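Note sheet for the following structure.
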Amino acid sequence: MSIVILAIESSCDDTAAAVIVDGQVRSNILADQKIHAQYGGVVPELASRAHQANIVPVVDAALKQSGVSPDQLSAIAFTKGPGLMGSLMVGVSFAKGLALSYGIPLIEVHHLHAHVLAHFAEDPTPDFPFLCLLVSGGHTQILLVRDHLELEVLGSTTDDAAGEAFDKAGKMMGLGYPAGPLIDQHAKSGKPVFDFPHPQLPNYQFSFSGIKTSIRYFLQAQVERDPAFIQKNLPDLCASIQYHIIEILLDKLVLAARDTGIRTVAIAGGVSANSQLRQRLKEVGLAKGWKTFVPPMDYSTDNAAMIGVTGYFKYKKGQFAPLTVKPEARIPLNG
Ligand code: KG4
Ligand code: ZN
């Protein structure tokens, strides 16, 4: 008997559904929400409303594209959190309704766990144990991944996440939201000529509020002297900001690999889509003798395939959720 999982992701501003058959991705559908760009960030109430409008067509498209009929489904996997409460509520309620009407179990999935298991959506997959630098819009962590369902957080950010640092720096330069991919693009034609300080935190802790503040003061001072400064220097500014964020991340990853002796190293989460981070991981990995893994682009930023893959591994262990399960805006990651 095949294990057929329908997965639903609605933690932030992407409504996504996927069908996973025996661990293989059969469909992966996503409706993003352009509405937030004009506000420079995700507006929670608008996100919830857009999820409401999108969820039926997205789930329908995922089922149709997979060729799977609802009576073949083994379980419904959904993102329980962390994320925006109203957004999560839409996905969780929808998943519960479907599970109830089809008479199949529910599987709750931690969004960050799913970002890590995105590495198991396609071959080649990393061997255990491996280190994973998880960099998203809301989180920045180094994880020790012992097994599909056994993860240990070695260190986290003490303030902003790496994705947030990209987005906030972009906003200061007048770029749209999310600014991460835009900074990535502009940086391609620039050089990292501007210097920003790196935080000095113990162990595997990160901080991005210091660099954010120094970027703000630097830009203010330069714009005072020349109002067109940002416009004239955008590629170099983007390359510099990107360079420093990435080096802060990689310094800690190198430290964690040295201390644990683990030489299989992965990156995951939205910021792992960054072309320079992907390139630098390869370079550092080559120099250090690591085996490195970057997730396929479609599985780097938010998607439902990663929720379904995580659901598949939980299904095999019989880890089901009761119908009383509730979304949670904040949940620690402990597998
Ligand atoms: O994982 P994700 O899609 O959603 C969360 O779970 O937060 O991550 C979104 C974050 C945003 O901050 C976005 O700017 C960043 O990932 N991001 C990037 C790139 N693509 C997405 N940051 C830098 N370079 C990129 N190419
Ligand atoms: Zn995410």
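Only the coordinates and a few stated rules stand behind these numbers; no lab work does. Since we're looking at a predicted model, the values are computed, not measured. Using ideal geometry, Cβ is built from the backbone for each residue, glycine included, and neighbour counts are taken over all protein chains shown.
Round to the nearest 10 and give me the degree value, 0 to 90, for the angle of helix 275-288's Cα axis relative to the longest principal axis of the chain. Orientation of helix 275-288: about 80 degrees from the principal axis. Between segment 27-44 and segment 55-114, the C-alpha centres lie 19 angstrom from each other. Multiplying the residue separation of Q279 and S69 by 0.36 nm and removing their Cα-Cα distance gives an extension gain of 71.5 nm. Do you know the relative contact order of the chain, to the nearest whole percent, from alpha carbon pairs under 8 angstrom that are 6+ apart? Relative contact order of the chain: 25 percent. Cross-link partners of K316 among lysines, defined as those whose alpha carbon lies under 17 angstrom from its own and excluding same-chain residues fewer than eight positions apart, are absent.
Reducing segment 125-199 and segment 259-292 to their Cα centroids gives an inter-centroid distance of 12 Å.
Packing, as the average of other Cβ atoms within 10 Å across residues, places the peptides 220-228, 294-302, 158-166, 22-30 in the order 158-166, 294-302, 22-30, 220-228, highest first. Between A61 and R263, what's the calculated FRET efficiency when r is the beta-carbon distance and R0 is 51 Å? Round to 0.05. Working from the Cβ atoms, E equals 0.80. Taking the 0 to 90 degree range and rounding to the nearest ten, how far is the long axis of helix 85-102 tilted relative to the main principal axis of the chain, both from C-alpha atoms? Between helix and principal axis, roughly 20 degrees.
Between 0 and 90 degrees, the angle of helix 44-66 with respect to the longest Cα principal axis of the chain falls at about 60 degrees. Let me make sure I get this right: for segment 1-134, a, b and c are the square roots of the gyration tensor eigenvalues over alpha carbons, sorted descending. Under 1.5 in a/c it's rounded, otherwise prolate if a/b > b/c, else oblate. Which is it? Verdict is oblate for segment 1-134.
If you plug the beta carbon distance of T125 and I230 into 1/(1 + (r/R0)^6) with R0 = 51 Å, you get a FRET efficiency near 0.75. Straight-line cross-link partners of K288 among the aspartates and glutamates, defined as a Cα under 16 Å from its Cα and at least 8 positions apart when in the same chain: E247, D251, D259.
Assign one of three labels to segment 85-133, namely rounded, prolate or oblate, based on the Cα gyration tensor with a ≥ b ≥ c the square roots of its eigenvalues; rounded applies when a/c is under 1.5, prolate when it is not and a/b is larger than b/c, and oblate otherwise. Prolate is the answer for segment 85-133, as a/c is 1.5 or above and a/b outweighs b/c. Give K168/K291; K168/K282; K171/K326; K80/K168; K212/K252 a once-over and call out the pairs whose C-alpha atoms are over 30 Å from each other. Beyond 30 Å: K168/K291; K171/K326.
Using C-alpha pairs under 8 Å with a sequence gap of at least 6, the mean separation divided by the residue count of segment 202-293 gives a relative contact order of 29 percent. For segment 249-335, the set of trypsin sites (Lys or Arg not before Pro) satisfying both a DSSP loop assignment and a count of at most 13 other C-beta atoms within 10 Å is given as K317, R330.
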